[in-house]
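The values are calculated or read from the model by the stated rules, or taken from the named source; none is laboratory data. Since the structure is predicted, the reported quantities are computational estimates derived from the model, not experimental observations. Backbone-built Cβ (ideal geometry, glycine too); neighbour counts: all protein chains shown.
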Amino acid sequence: MLGDYAKLPYWRGCVFAFYLDNQISIATKNKASIRNLMLDLKEVVRTKSKKEFSNEEFVNAVSKYLPKEDFKKQFQDFILEGASILFNECLVMPFMHLELKDQVPAIRITDKGKFKLHYHFN
C-alpha cells in the first residue's frame, strides 16, 4: 500500500504551479499568469491526436514569460529531480505573504481585492 506517497507527484505539481504562477505574474508585472501559459499549452496540443506535450515544449512555452535557461534549470531541479522549492527564498505576488510555521509554508493574503482580481477568470 502506497498511502500518501501515491499523491506526492500531484502535490509537487500543485506546488510548482503555484510557484510558476507567482514567477510569471511578477516577471510580467501582472500582464500574464499561469492561465496564459495554460492557454499557450492548449494551442501546442490543439492539432495533435494525443493531447500531451513534451518537457521541451513545456519549457519553450514558459520561456515566453520567463528566461528560458533559468526556467530550464528550475524545471530540472524541481520537477525532474524532485528538489524542494524553498518558499522562504522565492518571490510571491505582492498581495501574498509567505510565513514558515513549524517549517511548513503558510500563505497569508494581504490584499483580498488584488487576490480576487488575479484569480478571477472570465
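For the stretch 95-122, which positions are of a type outside the set (S, T, N, Q), touching a residue at least 12 places away in the same chain (Cβ under 8 Å) and in a loop (DSSP other than H, G, I, E, B)? Phe95, Asp111, Phe121, listed by residue number. Checking each residue in the stretch 58-94 for being at pLDDT below 95, surrounded by 11 or more Cβ atoms within 10 Å (Cβ to Cβ) and not in a helix (DSSP H, G or I) picks out Ala83, Ile85, Phe87, Cys90, Leu91, Val92, Met93, Pro94.
Just to verify a result, which residue in the stretch 22-36, among those that are surrounded by 10 or more Cβ atoms within 10 Å (Cβ to Cβ) and free of Cβ contacts under 8 Å to residues at least 24 places away in the same chain, is farthest from Phe78 (Cα to Cα)? Going through the qualifying residues, I end up with Lys31.
Among the residues making up the stretch 37-57, those that are of a type outside the set (D, E, K, R) and either surrounded by 12 or more Cβ atoms within 10 Å (Cβ to Cβ) or not in a loop (DSSP other than H, G, I, E, B) (or both) are Leu37, Met38, Leu39, Leu41, Val44, Val45, Phe53, Asn55. On the given criteria, is Lys112 surrounded by fewer than 16 Cβ atoms within 10 Å (Cβ to Cβ), of a type in the set (Lys, Arg) and modelled with pLDDT under 90? Against the criterion (surrounded by fewer than 16 Cβ atoms within 10 Å (Cβ to Cβ), of a type in the set (Lys, Arg) and modelled with pLDDT under 90), Lys112 does not qualify. Among the residues of the stretch 93-122, the ones that are of a type in the set (S, T, N, Q) and touching a His at 6+ places or on another chain (Cβ under 8 Å) come to 1 in all. Residues considered: Asp77, Asp102. Of these, the only one that is within 16 Å of the chain's Cα centre (by Cα) and among the acidic types (Asp, Glu) is Asp77.
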